[in-house]
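Participant: This is the structure, below, for whatever I ask next.
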Amino acid sequence: MRSPTTPHPTPELPPELVLAIDVGGTDMKSALADPSGALLGVRRTATPARTAVAGESIVQRSAELLAEYRAAWPDHSIGAIGLIAPGLVDEVTGVGIYSANLGWRDFPFAERLQQATGLPVTYGHDVGAAGDAEMRFGAARGLDDVVVMIIGTGIAGAVFAGGERVRASGYAGELGHALVPGGLDCSCGLHGCLETVGSAGAIACRYSGLSGLTVSGARGVFAAAANGDTIARRVIDDAVAALAFSVAQLVAILGTEAVVIGGGLAQAGEALFGPLRQQVEKNLSFHRRPVLLSAQMGQDAGLIGAALRARSLLDTP
Ligand SMILES: [Zn+2]
């Protein structure tokens, strides 16, 4: 029987946090995230050297990071972990299918990190997570049919149809390795991949090769083009043509309403977006006209997406 007295006021509990970890080729970025998605204590630490079983060192380091965050935030509880990485990722099973840079094949990240920490774990794709963050909080907020393209050294994408990210067991979103007219030999073994002409890395590399001049990345090539350098202009035109081809393909196949561009190349601003918009228009007729948007979530987009995934483990009974 209930006592008629007023109940004891429950002490104010600090909000439950989740740990987000973004594994890269050289660094692991990590942070805690509160229920609003705000990141706390963002850190960058070296990615550990590979152990005999590639992937195991990442699990050990992630468990250490958890302990370090617990020690630094003793008044908070950490309820779940969202781990993200590049390569082919099966987000449903939590398995790292393949990473060329980091060396694993079919490594069960979610299962191993769960065993090591006792917490629920999600394992996801880094660019997919960045795309999730743009959809929830960023440039693509409120939209359903969206492609998020991260254009840096290479090109990776997150494809959303009807508001859902297309996963295809980890094989969707490889925009950088879709063939385009004018594409060149690719490190993946194909000839003609988009990222061999359309990436920031390719723009800098092709310009140096054709002009014999060293340049400070794609940014330097855009600056040269603005000063009338015809080689720089041609390299950028080639990149724009290749990107516009891929964007028009996506629009025709998926009815994409917005293309969100992030990564280093997006910093070119209108020098990229203006010509790209014009070229995409030329490649379309009756099709939907996609808006081209600059990504808004910045360098920590992946961490924010990883935190969203981890949070979903707490919110699902
Ligand atoms: Zn390729």
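Participant: For TYR207, only one of the following conditions fails: (1) without any contact (Cβ under 8 Å) to a residue 40 or more places away in the chain; (2) open to solvent by 30 Å² or more (accessible area, probe 1.4 Å); (3) of a type outside the set (A, V, I, L, M). What is its number?
Facilitator: Answer for TYR207: the failing condition is (2).
Participant: Now, a different point. If LEU276 satisfies every condition in (1) touching a Ser or Thr at 6+ places or on another chain (Cβ under 8 Å); (2) open to solvent by less than 30 Å² (accessible area, probe 1.4 Å) but one, which is the exception?
Facilitator: (1)
Participant: Follow-up. When you scan the stretch 49-60, how many residues do you find that are open to solvent by 40 Å² or more (accessible area, probe 1.4 Å) and without any contact (Cβ under 8 Å) to a residue 40 or more places away in the chain?
Facilitator: Total meeting the criteria: 3.
Participant: Could you tell me whether THR153 is open to solvent by 30 Å² or more (accessible area, probe 1.4 Å) and either assigned to a strand (DSSP E or B) or within 16 Å of the ligand (Cβ to nearest atom) (or both)?
Facilitator: Yes, satisfied.
Participant: Quick one: LEU184 ticks every box in (1) touching a Pro at 6+ places or on another chain (Cβ under 8 Å); (2) not assigned by TED's automatic domain parsing to the domain that holds SER36 bar one, so which box is it?
Facilitator: Unmet for LEU184, out of (1) touching a Pro at 6+ places or on another chain (Cβ under 8 Å); (2) not assigned by TED's automatic domain parsing to the domain that holds SER36: (1).
Participant: Further question on the same structure: Going by what's in this entry, would ALA223 be described as open to solvent by 10 Å² or more (accessible area, probe 1.4 Å) and under 30 Å from HIS125 (Cβ atoms)?
Facilitator: Judged against the criteria, ALA223 is not a match.
Participant: What's the total number of residues in the stretch 101-119 that are surrounded by fewer than 17 Cβ atoms within 10 Å (Cβ to Cβ), in a loop (DSSP other than H, G, I, E, B) and touching a residue at least 24 places away in the same chain (Cβ under 8 Å)?
Facilitator: Matching residues across the stretch 101-119 total 2.
Participant: Just the residues that are out of contact with any Lys or Arg (no Cβ under 7 Å at 6 or more places or on another chain) and closer than 17 Å to ILE155 by Cβ, please, taken from the stretch 276-300.
Facilitator: Once the filter is applied, which keeps residues that are out of contact with any Lys or Arg (no Cβ under 7 Å at 6 or more places or on another chain) and closer than 17 Å to ILE155 by Cβ, the stretch 276-300 yields LEU276, GLN279, VAL280, PRO290, LEU293, SER294, ALA295.
Participant: If only one of VAL166, VAL147 is within 16 Å of the chain's Cα centre (by Cα), more than 16 Å from the ligand (Cβ to nearest atom), open to solvent by less than 20 Å² (accessible area, probe 1.4 Å) and assigned by TED's automatic domain parsing to the domain that holds ALA248, which one is it?
Facilitator: VAL147
Participant: Now a separate question. Output the residue which, of all residues in the stretch 169-200 that are closer than 16 Å to ALA239 by Cβ and assigned to a loop (DSSP other than H, G, I, E, B), is farthest from the ligand (Cβ to nearest atom).
Facilitator: SER199
Participant: Which pairs turn up if I take residues in the stretch 181-192 that are at positive phi and look for partners that are in a strand (DSSP E or B) and within 9 Å of the ligand (Cβ to nearest atom) with beta carbon separation below 7 Å, at least 6 apart in sequence or on another chain?
Facilitator: Pairs found: GLY192/LEU179; GLY192/GLY183.
Participant: Could you figure out which of (1) at pLDDT 95 or above; (2) surrounded by 17 or more Cβ atoms within 10 Å (Cβ to Cβ) isn't true of VAL215?
Facilitator: Looking at each condition in turn, VAL215 falls short on (1).
The values are calculated or read from the model by the stated rules, or taken from the named source; none is laboratory data. Quantities reported herein were computed from a predicted structural model and do not represent experimental measurements. Please note: Cβ atoms are built from the backbone with ideal geometry, for glycine as well, and neighbour counts cover all protein chains shown. We work out accessible area using only protein heavy atoms, side chains counted, and drop any ligands, DNA or RNA first. Shrake-Rupley method; radii C 1.70, N 1.55, O 1.52, S 1.80 Å.
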